[in-house]
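Just below is one structure, and these are the notes that go with it.
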């Protein structure tokens with residue numbers, strides 16, 4: 001089966017400051033992620049994995065290099081176009097959930113569709129569908145503060161997939177959860193991936209990375225290894 | 001995201017934090033309420049003053065000593081306007097019906113052990129009809145009294161009450177500057193005129209006033225404080241003004257600047273209008289300042305709100321809100337706050353004006369135009385002072401915004 005490339009990064013540099021104080025957050029990154037992959041980005045803090053995440057997520061622009069998302073060059077788009085790309089092609093899940101406290105679960109999930117100018121009825125239908133997929137069909141009208149941490153993160157996942165993105169990005173999605181809930185959330189990601197969703201997860205927890213099928217290892221702003229299997233990572237971790 | 005969605009979103013955010021929203025609106029509420037109240041009360045005062053001047057009597061003209069310029073510059077006016085001038089006007093000006101010369105000063109008035117410092121007006125019998133005064137009891141000064149320097153006095157209603165209570169004062173004797181006067185009548189109450197109590201006055205023959213009370217003060221004759229004149233009818237007011245002016249110029253041998261001023265009721269009304277109008281503008285300006293302060297209050301709270309809602313803004317941007325979406329959202333919040341505050345303030349202001357109208361003789365009213373302007377202005381203030389916080393929100397870097405915990 002021919003695969004489609006979702007993310008293609010070519011010679012990506014992200015440089016802060018200049019001269020003496022120059023910091024190379026990303027130092028020539030080349031990377032591709034195919035349709036249907038489930039991979040994690042790992043590395044120590046300061047390795048550049050967060051910067052990588054921001055660039056893949058179109059929240060930040062590279063200093064130089066090309067980034068093709070879904071075969072479209074997005075590396076030099078302006079802010080408004082980037083907002084559009086985030087809205088239509090990407091779904092975000094954050095460590096701190098980032099749900100709006102004044103809105104119900106349903107309204108939180110509907111929010112991306114508001115910015116996509118989807119009609120009110122379609123918004124509601126799609127949000128209910130997304131919440132059902134993450135197992136929260138019975139919690140539609142609860143406010144975030146009436147939900148547990150795991151439930152809140154599920155609402156956040158529903159919000160990320162409601163726009164039918166080509167890529168689901170998760171930044172330390174289990175960082176604020178206990179181990180039991182972590183397993184539940186990782187299972188949801190696995191299920192989504194099984195149904196065809198491309199998932200990229202940034203984490204520093206090896207246990208979490210092990211649940212994915214491919215590990216991308218960052219060090220000093222460069223990709224040390226772009227396709228470790230979880231077993232190879234175990235060896236690497238053991239050696240370190 | 002369309003405007004309707006943005007408005008709904010803003011309303012949701014604002015109602016989620018009712019206390020803050022209310023406090024934010026407070027400045028605008030107070031500002032708008034005071035603008036409305038000040039304009040309403042100012043206009044009421046203007047109307048009241050006009051009504052009082054109209055109550056002076058119909059078709060009245062006033063002649064006072066000194067040119068308009070001199071009157072504005074100094075209290076030391078020429079003493080060239082005399083009783084003979086008044087007589088000449090009455091006899092020679094065809095468009096004039098009646099003439100009431102007046103000479104007045106504040107003097108001590110004593111009855112037994114009671115005394116008061118009242119306005120003593122020396123005048124002639126025509127004063128009654130010219131100034132639309134009426135007698136409560138007894139009679140006013142007669143031509144005979146004027147001709148014979150009679151020591152008789154008609155009392156204003158307040159003076160009569162102060163000295164005699166409910167007793168009939170007619171035939172009693174009072175003393176003005178040590179000279180005895182016999183009371184012949186009591187005036188009907190006339191009320192205040194521009195803050196001066198017209199009932200705290202006594203009326204004596206103008207000749208007695210000049211010869212017994214104040215003495216000779218001018219080389220030209222019996223000099224006057226002013227002359228009140230009624231024209232034959234409304235149409236002849238301009239003619240009367242012109243003829244009186246010419247006659248006095250002739251009599252006073254004026255070649256350059258007039259040493260007197262002729263004013264019609266309309267002139268006086270205009271002056272009063274200018275004064276109260278200026279007052280209204282001043283009050284409204286002060287109130288407008290508080291409106292601006294209210295706008296700054298909104299900006300202040302909105303800026304705090306942007307800082308506090310950094311994460312929300314970051315999240316919205318991450319899921320696809322453009323800078324414009326965020327800008328519009330915060331602008332709408334500011335405008336809703338300002339407009340709602342404006343409406344509330346207007347309601348309070350109108351209430352205040354109605355209350356003032358009910359409790360005082362001031363016929364205070366609010367024009368719909370004032371309401372429209374005040375509400376529009378407060379909405380505009382929201383727009384103006386909402387720009388800075390909204391721009392700040394729109395410019396937030398989503399990465400930084402999301403990271404701030």
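The numbers here are math on the coordinates, done by the rules we state, and not lab data. Only a predicted model underlies this, so the values are computations on that prediction, with no experimental measurement involved. Neighbour counts run over all protein chains shown; Cβ positions are idealised from the backbone, glycine included.
Please tell me the relative contact order of region B:174-284 in percent, rounded to the nearest whole number, where contacts are Cα pairs under 8 Å and at least six residues apart.
Details: 33 pairs, mean separation 13.4, N = 111.
Across region B:174-284, relative contact order equals 12 percent.
Averaged over residues, the count of other Cβ atoms within 10 Å places the peptides B:86-96, B:264-274 in the sequence B:86-96, B:264-274, highest first. Between residue A:5 and residue B:300, the distance separating the two model label sites (each 7 Å from Cα on the Cα→Cβ line) works out to 5.7 nm.
Could you work out the mean count of beta carbons from other protein chains within 10 Å of each residue's beta carbon in A:80-87? Write out the running numbers ahead of the final one.
Values: counts 4, 1, 4, 12, 2, 1, 7, 7.
Neighbouring Cβ atoms belonging to other protein chains average 5 per residue here.
Take the alpha carbon atoms of region A:183-228, find their center, do the same for region B:1-31, and report the distance between the two centers in whole angstrom. Going from one Cα centre to the other spans 42 Å.
Relative contact order, percent, of chain A when contacts are C-alpha pairs under 8 Å separated by at least 6 residues? Write out the running numbers ahead of the final one.
Details: 459 pairs, mean separation 65.9, N = 240.
Relative contact order, chain A: 27 percent.
Can you compute the label reach from residue B:275? Point 7 Å from Cα along the Cβ direction, backbone N cut-off under 16 Å, restricted to region B:57-83. The answer is B:62, B:64, B:68-69, B:71-75, whose backbone nitrogens lie closer than 16 Å to the label point. Classify region B:101-142 as rounded, prolate or oblate from the Cα gyration tensor: take a ≥ b ≥ c as the square roots of its eigenvalues, call it rounded if a/c is under 1.5, otherwise prolate when a/b beats b/c and oblate if not. In terms of gyration-tensor shape, oblate. For chain B, DSSP calls about 80 percent of its internal beta bridges antiparallel. To the nearest ten degrees, helix B:3-16 and the longest principal axis of the Cα atoms of chain B are 80 degrees apart.
Subtracting the Cα-Cα distance from 0.36 nm times the residue separation, let me have the gained length for residue A:20 to residue A:71 in nm, one decimal. Numbers along the way, then the final one.
Working: separation 51, 0.36 × 51 = 18.36 nm, distance 3.67 nm.
Extra length from residue A:20 to residue A:71 when fully extended: 14.7 nm.
For the segment A:88-96, counting C-beta atoms of other chains within 10 Å of every residue's C-beta and taking the mean gives 3.
Just how far, in whole angstrom, is region B:228-259 from region A:69-138 if you go by their alpha carbon centroids? Taking the Cα centre of each part, region A:69-138 and region B:228-259 sit 86 Å apart.
Hey, can you rank B:299-308, B:19-28 by average C-beta count inside 10 Å, highest first?
Details: B:299-308: 17.3, B:19-28: 19.7.
Averaged packing, sorted descending, gives the order B:19-28, B:299-308.
The P(r) of chain A has a tail past 26 Å containing 39 percent of all C-alpha pairs.
Tell me, in nm to one decimal, what length is gained between residue B:257 and residue B:5 on full extension, where the rule is 0.36 nm per residue of separation less the Cα-Cα distance? Don't skip to the end; give the middle numbers.
Values: separation 252, 0.36 × 252 = 90.72 nm, distance 7.23 nm.
Answer, rounded to one decimal: 83.5 nm.
Past the 40 angstrom mark, what percentage of all C-alpha to C-alpha distances in the protein assembly as shown do you count? Considering the protein assembly as shown, 56 percent of its Cα-Cα pairs are separated by more than 40 Å.
To the nearest whole number, what is the average tally of beta carbon atoms from other chains within 10 Å of the beta carbons of peptide B:307-319? Could the numbers behind the result be given before it?
Working: counts 0, 0, 1, 0, 4, 5, 0, 3, 11, 7, 7, 14, 18.
That works out to 5 on average.
The angle between the Cα long axis of helix A:230-239 and the longest principal axis of the Cα atoms of chain A comes to about 50 degrees, rounded to the nearest 10.
In terms of the Cα gyration tensor, with a ≥ b ≥ c the square roots of its eigenvalues, is region B:70-119 rounded because a/c is under 1.5, prolate because a/b exceeds b/c, or oblate?
On the way: a/c = 3.64, a/b = 1.63, b/c = 2.23.
Oblate shape, in that a/c is at least 1.5 and b/c is the bigger or equal ratio.
At a temperature of 4 °C and a viscosity of 1.567 mPa s, determine how fast region B:98-224 diffuses translationally according to Stokes-Einstein, using the Kirkwood radius over alpha-carbon pairs as Rh; express D in µm²/s, rounded to the nearest whole number. Here the translational diffusion coefficient equals 90 µm²/s. Between residue B:177 and residue B:359, the modelled labels are 4.4 nm apart [label points 7 Å from Cα along Cα→Cβ]. Modelled this way, with points 7 Å down the Cα-to-C-beta line, the labels at residue B:307 and residue A:183 are 4.5 nm from one another. Both numbers refer to the Cα atoms of region B:177-222; Rg and Dmax are 13.7, 37 Å.
The simple Förster model, with R0 at 30 Å and r as the Cβ-Cβ distance, assigns residue B:76 and residue B:197 a FRET efficiency of 0.70. Using the Cβ-Cβ distance between residue A:45 and residue B:400 with R0 set to 25 Å, the FRET efficiency works out to roughly 0.90. Please say if region B:210-256 is rounded, prolate or oblate, where rounded means a/c under 1.5 for a ≥ b ≥ c the square roots of the C-alpha gyration tensor eigenvalues, and otherwise the choice is prolate for a/b larger than b/c and oblate otherwise? Note, shape of region B:210-256 comes out oblate.
Plainly put, chain B has a radius of gyration that is 1.25 times its Kirkwood radius, both from alpha-carbon atoms, as the Rg/Rh ratio.
Using the Cβ-Cβ distance between residue B:110 and residue B:136 with R0 = 22 Å, the FRET efficiency computed as 1/(1 + (r/R0)^6) comes to roughly 0.50.
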